[in-house]
Amino acid sequence: MNTLNAMQCFCRIVDLESFASAATDLGVSTAQISKQISALESHLKVRLLNRTTRKVSPTEIGMLYYKKCQQILTDLSELESMIEQQGKEPQGILKISAPIDFSTMYLMNVFAAFQQSHPKIQLDINLSDQFVSLIDEGLDVAIRIGDLPDSTLVAKRLSTTYLSHYAAPRYLRKHGTPQTPEELSEHQTLRYVMNGREFGNALPKSRWTMSCNNGRAMCEAAAHGAGIIAKPNFMVLPYLRNGSLVEVLSQHRRPPVGIYAIYQHRTHVPCKITYFVDFLADYFRDQDVWNHPQA
């Protein structure tokens, strides 16, 4: 039995919840897949999969094995890609999707620095606050902020951010400073709405006085005394530095969420993608100034 092949088969079955789908994906017969799994279970002396006529799912020990296998296969793929790409110069068009405000504030200088370091790469950048499909839009990389849904996409965490509440000092002098989240219902609030959907859910809906589909515009309105906003700390940093906004309810900040670069595949990743993602990770390792506002 080839243990590595068996691990790959097992992981694809778990991902696709089907022997037949895994066989099609791997370009082998269902009988071959079944034989691989039987041999693997015999070798490990445990049952890895629960099989029914409708669905295949991992057992409890099977899920533990799956997670470890995924990490091993990912590490092996990255090692092979690193060795294969040594000496290669990345080139071609790199299609990127990224959120509007985060990009204009923190990414464009990084994009420019990357392109100057790799002049044979052309960056095709689409700024949007919507989570577009990498596959449907033909994207190479997307920058995403927040909790990511489970998927087969690869995600590399670049940094973190947290949501908190902010207001202008002059607004607070006039209306008072809320001491609990419940008191926000007594204040003027600004909400972030896109395509009719409110994002963040950090402010009461009953007394909002302004809604907008752009975060920087909301910060500007709040800085002019329009009300209280709930925003990621990266977005309000310039306003905190010049004193036009201050944080309120700091003890009620939302837990930090990740800022990620995501791409489609774990294997045979084009070097233009790995170079780009590694460049972003290296940069933000020391340059997430919103988490170190004194810098």
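The values are calculated or read from the model by the stated rules, or taken from the named source; none is laboratory data. All values derive from a computational prediction rather than experimental measurement. Quick reminder, even Gly has a Cβ in these numbers, built from the backbone with ideal geometry, and neighbours come from all protein chains shown.
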Note to self: Going through 98, 155 one at a time, which residue ends up being buried (at least 19 other Cβ atoms within 10 Å of the Cβ), in the same structural domain as residue 282 (by TED's automatic domain parsing) and either among the hydrophobic types (A, V, I, L, M, F, W, C) or touching a helix residue (DSSP H, G or I) at 6+ places or on another chain (Cβ under 6 Å) (or both)?
What the structure shows: 98
Next item on the list: Would you be able to say whether some residue in segment 65-74 is surrounded by fewer than 18 Cβ atoms within 10 Å (Cβ to Cβ), touching a residue at least 12 places away in the same chain (Cβ under 8 Å) and part of a loop (DSSP other than H, G, I, E, B)?
Entry: no
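Can you tell me which of 126, 109, 201 is modelled with pLDDT under 90 and either surrounded by fewer than 18 Cβ atoms within 10 Å (Cβ to Cβ) or part of a loop (DSSP other than H, G, I, E, B) (or both)? Show your work before the answer.
Details: 126 fails: modelled with pLDDT under 90; 109 fails: modelled with pLDDT under 90.
When all the criteria are applied, what remains is 201.
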Next item on the list: Keeping to segment 122-174, report how many residues are closer than 25 Å to residue 213 by Cα, without any contact (Cβ under 8 Å) to a residue 60 or more places away in the chain and hydrophobic (A, V, I, L, M, F, W, C).
Entry: 5
Notebook entry, point to check: Under the condition of being at pLDDT 90 or above and among the hydrophobic types (A, V, I, L, M, F, W, C), which residue from segment 156-189 is nearest to the chain's Cα centre (by Cα)?
Noted result: 158
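Just a yes or no: is a residue in segment 91-100 assigned to a helix (DSSP H, G or I), within 23 Å of the chain's Cα centre (by Cα) and modelled with pLDDT of 90 or more? Outline the logic, then answer.
Step one: filter segment 91-100 for residues assigned to a helix (DSSP H, G or I), giving 100.
Right, trim to within 23 Å of the chain's Cα centre (by Cα) and you get 100.
Still in the running and modelled with pLDDT of 90 or more: 100.
Yes; the residues of segment 91-100 include at least one that is assigned to a helix (DSSP H, G or I), within 23 Å of the chain's Cα centre (by Cα) and modelled with pLDDT of 90 or more.
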Notebook entry, point to check: Within the set of pairs 6+ apart or on separate chains, which have a first residue in segment 175-187 that is in the same structural domain as residue 210 (by TED's automatic domain parsing) and among the small types (Gly, Ala, Ser), a second that is assigned to a loop (DSSP other than H, G, I, E, B) and modelled with pLDDT of 90 or more, and C-beta atoms under 9 Å apart?
Noted result: 176/187
